[in-house]
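Chemist: Attaching a single structure in structure tokens format; questions to follow.
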Amino acid sequence: MNAPLIILTISCFVALAMGAILFTIAKTYPKSIRGLTEWSAAALVIGLSLPLFMARGVIPDAFSIVLANLMILIGFMMMNQGVRKFAGAPPRANRVALVLFVLAYVLLFVWFTFIHPNIGMRIATMSAFTLVVIVDQLMLVLKKLPPTMGRHILVASLVILIVPRLARLGGLMLGFDQPVGVFDPSIPQLVYIAIPSITIPLGTISLILLAAERLHRDLEFISRYDDLTQCLNKKAAMEELQREIAWTKRHGNKLSIMLIDLDNFKNINDTHGHLEGDKVLVDFSDKAKTALRETDRLTRFGGDEFMAILPDTDAEHATLTADRLHQAGKAGQPLAWSVSIGISEWLGQDDSLAALQTRADQALYKAKAQGRSQTQSA
């Protein structure tokens, strides 16, 4: 068995094994982590194409050349699609453009296989078309994915795929690299066919890491945020408030909080139904976030109760923020809503978290007692 055949055999087993691993992960991970199925299918398609290459001269060229190379392109396109789904990015091109892209690839292989046989042009075609897909994926990864270890490894694997293709295209154009067959034992050919045995495991590791990182972020988000309104939950809110108090003590800054109740929310649920009530909660949280600064934190304590943490803000400026919330409620969707708000300001080194909350709660109670839809400051 010559060297190219050994390398292709190893690459085949590696690709199929990596595809099976990714398929298992795709079945066990939450459906919210998209792209895993495409990743596993891509590795399996590439792995299944390699036996066709190895059967060159035994089976018809339509299978060992045209179909085998088509499967390689399809595998890279499926990987690209998986990354796009994972990143939440739209397709680069519409279906018609993709079909024309693949059709042009097939026609070139048919031409350089049956009409004007030329292995150099077949290699150039495969290198150029797959290069387009790989470079597009690299740009997507760099633009859309956060700089984690998974992304770094994926970028490295894509670069390993890109560099030999550029070198191969350059060598073919300059006449330095003229292979005589798929089993050509020349150094450029051996390097070229050995790439899958390196990049497929490397890519698989990167994809597994990306999926695990996404799962970790999703679980962390679930543990800290309210599912309906996407506000911080009560536990996370208290952690944030404790951090802000520590920062305020250390630097002598101002700090205020607002306790907020949606007025007569029970009546909304009883009259219009809980679904409409949920829409009111979402509308309030969206408009409240717009009224707040980026440094402020809106949190949901439960039911119709919210708290806003306002760093570097005194009671006077907190009242201005509360006024914006009252105005926003008049244009609420699907229903207009109103809120009662109690404001409390940090009073200095002798103050405490419990006292800060108690004063805000007392101010909120006063706002509700005096007719609701108003702000009271402790």
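The values are calculated or read from the model by the stated rules, or taken from the named source; none is laboratory data. All figures in this text were calculated on a predicted structure; none of them were measured in a lab. Cβ atoms come from the backbone with ideal geometry, glycine included; neighbour counts cover every protein chain shown.
Chemist: Does LEU103 satisfy the condition of being free of Cβ contacts under 8 Å to residues at least 40 places away in the same chain, touching a helix residue (DSSP H, G or I) at 6+ places or on another chain (Cβ under 6 Å) and in a helix (DSSP H, G or I)? I'd like the intermediate steps shown before the answer.
Modeler: Numbers: free of Cβ contacts under 8 Å to residues at least 40 places away in the same chain: yes; touching a helix residue (DSSP H, G or I) at 6+ places or on another chain (Cβ under 6 Å): no; in a helix (DSSP H, G or I): yes.
So LEU103 does not fit the description; no.
Chemist: Could you tell me whether region 297-308 includes any residue that is loosely packed, with under 13 Cβ neighbours inside 10 Å, part of a strand (DSSP E or B) and either at pLDDT below 95 or over 23 Å from the mean Cα position of the chain (by Cα) (or both)?
Modeler: yes
Chemist: Does region 142-157 contain at least one residue that is under 24 Å from LEU190 (Cβ atoms), in a helix (DSSP H, G or I), in the same structural domain as HIS216 (by TED's automatic domain parsing) and not basic (Lys, Arg)? Before the answer, list the steps.
Modeler: From region 142-157, those under 24 Å from LEU190 (Cβ atoms) are 156-157; that's our starting set.
Filter once more, so that each one left must be in a helix (DSSP H, G or I): 156-157.
Then drop every residue that is not in the same structural domain as HIS216 (by TED's automatic domain parsing), which leaves 156-157.
When the remaining residues are screened for being not basic (Lys, Arg), the result is 156-157.
Scanning region 142-157 turns up at least one residue that is under 24 Å from LEU190 (Cβ atoms), in a helix (DSSP H, G or I), in the same structural domain as HIS216 (by TED's automatic domain parsing) and not basic (Lys, Arg).
Chemist: Now, a different point. Going by the conditions given, is ALA291 crowded, with 22+ Cβ neighbours inside 10 Å, of a type in the set (Gly, Ala, Ser) and within 21 Å of ASN233 (Cα to Cα)? If you could, list the steps in order and put the result at the bottom.
Modeler: Working: crowded, with 22+ Cβ neighbours inside 10 Å: no; of a type in the set (Gly, Ala, Ser): yes; within 21 Å of ASN233 (Cα to Cα): yes.
Answer is no for this residue.
Chemist: How about region 325-378: which of its residues are polar (S, T, N, Q), part of a helix (DSSP H, G or I) and modelled with pLDDT under 90?
Modeler: Just the residues of region 325-378 that are polar (S, T, N, Q), to begin with: 327, 333, 338, 340, 344, 349, 352, 357-358, 362, 370, 373-377.
Imposing the further condition that a residue be part of a helix (DSSP H, G or I) reduces the set to 327, 357-358, 362.
Passing the criteria: none in range.
Chemist: Please indicate, with yes or no, whether at least one residue in region 247-262 is under 30 Å from the mean Cα position of the chain (by Cα) and at pLDDT 90 or above. Steps first, please.
Modeler: Of region 247-262, the ones under 30 Å from the mean Cα position of the chain (by Cα) are none.
No, because not a single residue in region 247-262 is under 30 Å from the mean Cα position of the chain (by Cα) and at pLDDT 90 or above.
Chemist: Let me ask another. How many residues does region 141-163 contain that are crowded, with 18+ Cβ neighbours inside 10 Å and out of contact with any Leu (no Cβ under 8 Å at 6 or more places or on another chain)? Quick ask: steps written out before the conclusion?
Modeler: Initially, region 141-163 is screened for residues crowded, with 18+ Cβ neighbours inside 10 Å, giving 141, 145, 150-151, 153-154, 157-158, 161.
Filter again for out of contact with any Leu (no Cβ under 8 Å at 6 or more places or on another chain), leaving 161.
Looking only at that region, the number is 1.
Chemist: State the number of residues belonging to region 235-268 that are surrounded by 14 or more Cβ atoms within 10 Å (Cβ to Cβ) and charged (D, E, K, R).
Modeler: 6
Chemist: Return a yes/no flag: does region 196-205 have any residue that is outside the structural domain of ALA354 (by TED's automatic domain parsing), assigned to a helix (DSSP H, G or I) and at pLDDT below 85. Can you show your working first?
Modeler: Kept after step one, since they are outside the structural domain of ALA354 (by TED's automatic domain parsing), are these residues of region 196-205: 196-205.
Pick out the ones that are also assigned to a helix (DSSP H, G or I) and you get 196-205.
Then drop every residue that is not at pLDDT below 85, which leaves 196-197.
Within region 196-205, one or more residues are outside the structural domain of ALA354 (by TED's automatic domain parsing), assigned to a helix (DSSP H, G or I) and at pLDDT below 85.
Chemist: Then there is this: Return the total of residues in region 266-279 being of a type in the set (A, V, I, L, M, F, W, C) and either within 30 Å of ARG243 (Cα to Cα) or in contact (Cβ under 8 Å) with a residue 60 or more places away in the chain (or both). Spell out the reasoning first.
Modeler: So in region 266-279, the residues of a type in the set (A, V, I, L, M, F, W, C) come out as 268, 275.
Filter once more, so that each one left must be either within 30 Å of ARG243 (Cα to Cα) or in contact (Cβ under 8 Å) with a residue 60 or more places away in the chain (or both): 268.
Of the residues in region 266-279, 1 are of a type in the set (A, V, I, L, M, F, W, C) and either within 30 Å of ARG243 (Cα to Cα) or in contact (Cβ under 8 Å) with a residue 60 or more places away in the chain (or both).
Chemist: Does region 211-254 hold any residues that are part of a loop (DSSP other than H, G, I, E, B) and farther than 28 Å from ASP351 by Cβ, and which are they?
Modeler: Within region 211-254, the subset part of a loop (DSSP other than H, G, I, E, B) is 226-231, 233, 252-254.
Residues satisfying the conditions are ASP227, LEU228, THR229, GLN230.
Chemist: What do you reckon, is LEU16 closer than 15 Å to MET71 by Cβ and either surrounded by 15 or more Cβ atoms within 10 Å (Cβ to Cβ) or among the aliphatic types (A, V, I, L, M) (or both)?
Modeler: Yes, satisfied.
Chemist: Just one of the numbered conditions (1) under 20 Å from ALA378 (Cα atoms); (2) touching a Leu at 6+ places or on another chain (Cβ under 9 Å); (3) free of Cβ contacts under 8 Å to residues at least 40 places away in the same chain is not true of HIS317; which one?
Modeler: Tallying (1) under 20 Å from ALA378 (Cα atoms); (2) touching a Leu at 6+ places or on another chain (Cβ under 9 Å); (3) free of Cβ contacts under 8 Å to residues at least 40 places away in the same chain, HIS317 fails exactly one: (3).
Chemist: A further question follows. Just for region 318-333: of the residues that are within 35 Å of the chain's Cα centre (by Cα) and not basic (Lys, Arg), which one is surrounded by the most Cβ atoms within 10 Å (Cβ to Cβ)? Don't jump to the end; show me each part of the working.
Modeler: So the first thing to find is which residues in region 318-333 are within 35 Å of the chain's Cα centre (by Cα), and the list is 321-322, 324-325, 328-329, 331-333.
From what's left, not basic (Lys, Arg): 321-322, 325, 328-329, 331-333.
Details: THR321: 21, ALA322: 25, LEU325: 23, ALA328: 18, GLY329: 21, ALA331: 10, GLY332: 18, GLN333: 12.
Looking at the filtered set, the residue picked out is ALA322.
Chemist: OK, next. Only one of TRP337, TRP346 is more than 17 Å from ASP263 (Cβ to Cβ) and surrounded by 22 or more Cβ atoms within 10 Å (Cβ to Cβ). Can you tell me which?
Modeler: Values: TRP337 fails: more than 17 Å from ASP263 (Cβ to Cβ).
Step by step, each of TRP337, TRP346 is checked, and only TRP346 is more than 17 Å from ASP263 (Cβ to Cβ) and surrounded by 22 or more Cβ atoms within 10 Å (Cβ to Cβ).
Chemist: I'd like to check something: does region 46-64 contain any residue that is charged (D, E, K, R) and without any contact (Cβ under 8 Å) to a residue 60 or more places away in the chain?
Modeler: yes
Chemist: Can you tell me which condition ILE257 does not meet? The list is (1) farther than 30 Å from VAL159 by Cα; (2) part of a helix (DSSP H, G or I), and all the others hold.
Modeler: In the conditions (1) farther than 30 Å from VAL159 by Cα; (2) part of a helix (DSSP H, G or I), ILE257 misses (2) alone.
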